[in-house]
Each structure stands twice: as C-alpha cells, then as structure tokens.
Amino acid sequence: MKKNAVDFYKLAYEGNPRKATELYVGAEYIQHNPEVENGVEGFINYFERMQKEYPNKSIEFVRVIGENDLVALHTHQIWPDNDEYVTMDFFRFDDNGKIVEHWDSIQQIPKNSANPNKMY
C-alpha cells in the first residue's frame, strides 16, 4: 500500500490525476481537504488546475509510513518562486488495496526559523 500511495500522489501531482484515480482509487473517494471537492472528479479537477497554473512545481517524498489500512506521506514541495511547503497526507485503503479516503495538512516553510532543523 505504501508504494501505491506514493505512485498515486506522484502521478496526480505531476499532471495525470485521471490516470492516478483509474489505477489507485476504489469505488468511492472521500475528501477531507476543504479546498477540494469530494469524490474522484473533485480530485481530478483540483490537480488538473494545479498542473495548469503551476507546471514547474516539484515534490520529494521524505517519509512513508503504513499501518493497517492507512498510509501517511510526508513531503517537501517546491512551487514557483522557491515557495516551499511541507505536507502530510493520509490515505485510507479498502480491502482491495484501493484508496478510498484522504486527509492532509500543509505548512509553508518560513524564511527564518528559531532552530537549524529542516521541517522535513
């Protein structure tokens, strides 16, 4: 499941969310991000818009953690103008190994930090 979560997110992030949902999403897709509509089409619309508006973004998968039917991804993302973010995405899988639910949290990396440690 960990590999499928990474492959799903990478494929969508890099511009092919429809293919990502065809390969990795189950009969339903419950979305908890308030910026994205519920369901497969909401996911596709969001990632197609992000690809059109920000084609030069990049993603690095820093950590992948799996337990039972859940997989967590910790990523470092770089958007235009060196705008950096750390994200944590959580995916729930069904009994067939398909993604059926998603939660996430995103935080912009500040220019200054009170410590020398990376956020990712």
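The values are calculated or read from the model by the stated rules, or taken from the named source; none is laboratory data. These numbers come from a predicted model, not from an experiment. Ligands, DNA and RNA are excluded from the accessible area calculation, which covers all protein heavy atoms including side chains. Shrake-Rupley method; radii C 1.70, N 1.55, O 1.52, S 1.80 Å.
Tabulated data
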| quantity | calculated |
| --- | --- |
| Per residue solvent-accessible surface (Å²) - the chain, probe of 1.4 Å | 62 Å² |
| Principal-axis tilt of helix 40-53 within the chain, Cα atoms, nearest 10 degrees | 30 degrees |
| Whole-percent pair-distance distribution, where bins are 5 Å wide, for the alpha carbons of the chain | 2, 11, 21, 25, 20, 11, 6, 3, 1, 0 |
| The chain, accessible surface, carbon-and-sulfur percent (1.4 angstrom probe) | 46 percent |
| Among Ile44, Ile109, Ile59: highest mean-square fluctuation, GNM of the chain, C-alpha pairs under 10 Å | Ile109 |
| Size descriptor, Kirkwood hydrodynamic radius, that averages inverse alpha-carbon separations across segment 62-120, Å | 13.0 Å |
